[in-house]
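Visitor: Mind looking over this structure? Questions follow.
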Amino acid sequence: MKQNILRQEIMEFSPYVPGMNIEEVKRKYGLSRVIKLASNENPLGVSPIVEETIRRYSSYGFRYPEGTNPSLRERLARYVGMDPCNIVVGNGSDELIDLVIRVCCVPYKENVVVFDPSFSIYRLQARFHGAHLKYVPLRDDFSFDLTRMSEEIDKNTRVVFITNPDNPSGFALPSREIESFLSSLPPSTLLIVDEAYVEFSGDIDKYSCISLVEKYSNIGIIRTFSKAYGLAGLRIGYGIFPKWLCDALLRVKLPFSVNILAEKAAIAALEDRIFLEETLKTVEEGRNYIIEYLRRYGCKVYPSLGNFIMFSPPIDAKKVFGHLLAKGIIIRPLGSYGLEDMLRVSVGRMDENKVFIEALERLFYAGL
Ligand SMILES: *Cc1c(COP(=O)(O)O)cnc(C)c1O
């Protein structure tokens, strides 16, 4: 039956494999404590102000949220210094990535250009929609070859994705370099800059491309509450887009994809500057600490402006991953990015970082 009903290409997909989950690992290895440093989640968890807000609004659960989330969009507009008609919110930035592709690309005809490797959601949603994909290899040091990217763009290129800072490498380009690339794009090609990690860059003014949205009509920025704001489980992201794109998205977006508690939580998260500052401080200190030790242990480490570090260990990466897992430390192997000899570790709290580093030291120096 499924041959007759399903679109045939659907069977070429497999379910998304997220980082391993804590309960699973506890059960499998009989451990009571497991540390997850695999999905770039916030090391400090949820802001206490957000927790209180969710409690306070839990009785609103029977109400529908407001259709286009006007209060959150207004709050975000103030936060980024734009107009609310330049803001769209989504069920995670994943929803916005998906929708941008669908409103811009004619399936089986037009194309999306991405770096290889890059965040899998761009290519998965493009394939699902039927958009053609063109890949531009990253340089050996994982920096962006924007000249090469320009060469891939043709009259059928509707959307180009850049992740800045990049995942999994942590590489980032200052916005002025992205601007010179943008100014060379044909007006019929939209540049989407995914700034999921920009808060961790240490210099948002230098790295964020938000200011370009006022100057050019073919750039959009995607951001998320999943990382620096600690709301990955509530699923909320936002786009800073030209008005024409917001208008198009609001015509087709499912009206209630951002639920009422996520909306209240996001507004509260923007108020809690102290939590954000503590998060950024924890990540910066943890990042320096982990990088220093990984280098000492002979790993090849890539400089990172995200809340994670990509490295290549001196022994087989799969073995390192498996060894840490058995000790109750979950990190991310990068085979799915085509990087078999690389690993990515998210920066945790300092006590978690120490457990990770000490386990590596025992493995590298004593084989235990
Ligand atoms: C984590 C991440 C996101 C965030 O996705 P959400 O759907 O908002 O949780 C977006 N882009 C990249 C590159 C990421 O790594």
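Every number in this text was worked out from the coordinates using simple rules, so none of it is lab data. Just so we're clear, the structure is a prediction, and the values are computed from it rather than from any experiment. Neighbour counts run over all protein chains shown; Cβ positions are idealised from the backbone, glycine included.
Visitor: Quick check: net charge around S304, other residues with Cβ under 12 Å of its Cβ, Lys/Arg +1 and Asp/Glu -1?
Guide: 0
Visitor: Go through 224-236, 247-259 and give me the packing order, highest mean Cβ count within 10 Å leading.
Guide: Details: 224-236: 22.2, 247-259: 15.5.
Highest-to-lowest ranking by the protection proxy: 224-236, 247-259.
Visitor: Under 22 Å between alpha carbons: how many lysine pairs meet that in region 187-266, if sequence neighbours fewer than 8 apart on the same chain are excluded? Before the final figure, lay out each step's value.
Guide: Numbers: K206/K215; K206/K227; K215/K243; K227/K264; K243/K253; K253/K264.
For region 187-266, the number of qualifying lysine pairs is 6.
Visitor: Further, regarding this structure: Are there chymotrypsin sites (Phe, Trp or Tyr not before Pro) in region 103-155 that DSSP puts in a loop and that have at most 15 other Cβ atoms within 10 Å, and which ones? Display every interim value, and only then the final one.
Guide: Details: sites: Y108, F115, F119, Y122, F128, Y135, F142, F144; in loops: Y108, F119, F142, F144.
Passing sites in region 103-155 are Y108.
Visitor: Give the angle, between 0 and 90 degrees and rounded to the nearest 10, that separates the Cα long axis of helix 350-366 from the longest principal axis of the Cα atoms of the chain.
Guide: With rounding to tens, the tilt is 50 degrees.
Visitor: Computed on alpha carbon atoms, what radius of gyration and Dmax characterise region 125-176, expressed in Å?
Guide: Computed over the Cα atoms of region 125-176, radius of gyration and Dmax are 12.2, 33 Å.
Visitor: Please list 3J(HN,Hα) in residue order for region 224-241, calculated via the Karplus relation 6.51 cos²θ - 1.76 cosθ + 1.60 where θ = phi - 60°; whole Hz, with x for glycine and proline.
Guide: In residue order, the calculated couplings are 9, 8, 6, 10, 4, 9, x, 10, 3, x, 8, 6, 8, x, 9, x, 10, 10 Hz.
Visitor: Over the Cα atoms of the chain, what Rg and Dmax result, in angstrom?
Guide: 20.8, 60
Visitor: Something else about it: Sequence gap at least 6, Cα distance under 8 Å: using those rules, report the relative contact order of the chain to the nearest whole percent.
Guide: 23 percent
Visitor: Just add up the charged neighbours of D194: K/R +1, D/E -1, any other residue whose Cβ is under 14 Å from the Cβ of D194.
Guide: Numbers: positive: R123, R223, K227; negative: D94, E95, D98, D166, E195, E199.
Computed value for this residue: -3.
Visitor: Another one. Exposure proxy check: C209, C299, C85 ranked by fewest other beta carbons within 10 Å?
Guide: Exposure proxy ranking, most exposed first: C85, C299, C209.
Visitor: Out of the DSSP beta bridges found with both residues in the chain, what percent are antiparallel (nearest 5)? Before the final figure, lay out each step's value.
Guide: Details: 16 of 36 bridges.
Beta bridges within the chain, antiparallel portion: roughly 45 percent.
Visitor: Now, a different point. Would you pull out the residues with amide H under 5 Å of L231's amide H, same chain only if 5 or more places away, H placed 1.01 Å from N?
Guide: Here the answer is S226, since their amide H atoms fall under 5 Å of that of L231.
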